[in-house]
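Report on the following structure.
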Amino acid sequence: MKNILFFGGGNIAQSVIEGLIKSGYKRNNIFFIDRNTKNKKKLEKLKIKEFSRDKTDQISFFFLCVKPKDALSSFKEIKQLKKNAKIISFVAGIKSNKYIKIDETTKFMRAMPNTSSRYGLGITALFNSTFSIEDKKLINKLFNKVGMVIELNKEIEMDQFTGLVGSGPAYFFYILKVYEKELLKMCGNDNRKVNEIMVNLLKGVSMSIKNNNDLDALVTMVASKKGTTEAGLDSFKKNKLNKYFKDGLRSAVKRSKEISNEF
C-alpha cells in the first residue's frame, strides 16, 4: 500500500480520505499538510497524521488539493519537498501545462473527484499528462476504491466534467433545499421525518434510473394526464426551469475555463 500525501485538507481531500479509509486503505499510509485549524482538527479526528518532512522519501504520490489562487505556489512547495514528486492535482481549471512550465521533468496528472467519494459513490475524472502507464494504473485503482473513474482523452473535457459532475452534488442539494422547505410545512417542522422522506425518495429515484435509464419513460410512469404531477411539470416548463438549470451548468463549465487564464 502506497504512502500518499494530501497537500491541502479541505472538503474534497477529506471526502477522498474518508472514502479510502472505508475501503480499507490504512490510515498509517495517509498524510496531510494544511495550515487551516478547522481542517487539521477534522483530519486529526480521522486519525490522519500531519506530514513530517523527514518522511518525504516515503511518499509515493502527492495530491494537490488547494484553491486555484494557491495552486502554482503550492506546486512549487511540493517540488521543494521532493524534487521528483509525482503530483495529482484536484485543482479546478488550471491546466497541466501551467505546472509543467515550472518544471518540465514533473510527473503530473489531474483528477477531479466529487464529495460523494466519502461514501464510496464518488465519480472521478482523470487526465494523465506525464505519469507512466504503471503509475496511472495505480491512481486509477486508488480512485476506484471511492467510486467510479472516468479517464479523459482530452484535457478540455476536464472543464466540462468539473462543471457538470464535480459540482454536481451541490446542484442537487440546492434544489432539495426548496423541496425541504415545503416538506417541513407538511411535516410540522419535523426535520427527522423530512430527512427520511428525502433519503427514501432519492433512493427510489436512483434505483429507478438503475433499472431503466430512459428518463422520459420514468417521468411518464409518474405523471398521469391532468394529474398533480403533470400540473407541477407544466409549471416547471412554463417557468423555463430546464433553461435556467442548463444556463447554470454552462456557467460552471465556463468558469472552469476562465480559471486557467487567471493564474
Query raised in the report: Looking at the stretch 176-193, is at least one residue within 21 Å of Ser117 (Cβ to Cβ), surrounded by 11 or more Cβ atoms within 10 Å (Cβ to Cβ), within 21 Å of the chain's Cα centre (by Cα) and of a type outside the set (Ser, Thr, Tyr)?
Result: yes
Report summary line: Taking the stretch 104-149 and the residues there that are outside any helix (DSSP H, G or I), among the charged types (D, E, K, R) and closer than 20 Å to Ala92 by Cα, the one that is nearest to the chain's Cα centre (by Cα) would be Arg110
Report task. Output the residues belonging to the stretch 67-121 that are at positive phi and either in contact with a Cys (Cβ under 9 Å, 6 or more places away or on another chain) or open to solvent by 30 Å² or more (accessible area, probe 1.4 Å) (or both). Result -> Gly120
Query raised in the report: Name the pairs: first residue in the stretch 61-89 and touching a residue at least 40 places away in the same chain (Cβ under 8 Å), second residue surrounded by fewer than 18 Cβ atoms within 10 Å (Cβ to Cβ) and in a loop (DSSP other than H, G, I, E, B), Cβ to Cβ under 6 Å, at least 6 apart or on different chains?
Result: Pro68/Phe263
Query - Members of the stretch 1-50 that are crowded, with 20+ Cβ neighbours inside 10 Å and part of a loop (DSSP other than H, G, I, E, B) - result: Gly8, Gly9, Asp34, Ile48
Query - Selected residue (criterion: nearest to Met158 (Cα to Cα)) from residues of the stretch 211-263 that are among the β-branched types (Val, Ile, Thr) and in contact (Cβ under 8 Å) with a residue 40 or more places away in the chain - result: Val253
Requested in this report: For the stretch 247-263, enumerate the residues that are under 20 Å from Phe90 (Cβ atoms), over 18 Å from the mean Cα position of the chain (by Cα) and part of a helix (DSSP H, G or I).
Outcome: Glu258, Ser260, Asn261, Glu262
**Report entry** Qualifying residues in the stretch 51-64 (those that are open to solvent by less than 20 Å² (accessible area, probe 1.4 Å) and outside any helix (DSSP H, G or I)) - the one farthest from Lys257 (Cα to Cα)
**Finding:** Ile59
Query raised in the report: Hey, among Lys225, Lys243, Lys210, which residue is of a type outside the set (Val, Ile, Thr), part of a helix (DSSP H, G or I) and surrounded by fewer than 10 Cβ atoms within 10 Å (Cβ to Cβ)?
Result: Lys210
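The values are calculated or read from the model by the stated rules, or taken from the named source; none is laboratory data. Note that the structure is predicted; figures quoted are calculated from it, not measured. Heads up, the Cβs are rebuilt from the backbone with ideal geometry, glycines too, and the neighbour counts pull from every protein chain shown. What goes into the accessible areas is simple: the full protein's heavy atoms, side chains included, and nothing from ligands, DNA or RNA. Shrake-Rupley method; radii C 1.70, N 1.55, O 1.52, S 1.80 Å.
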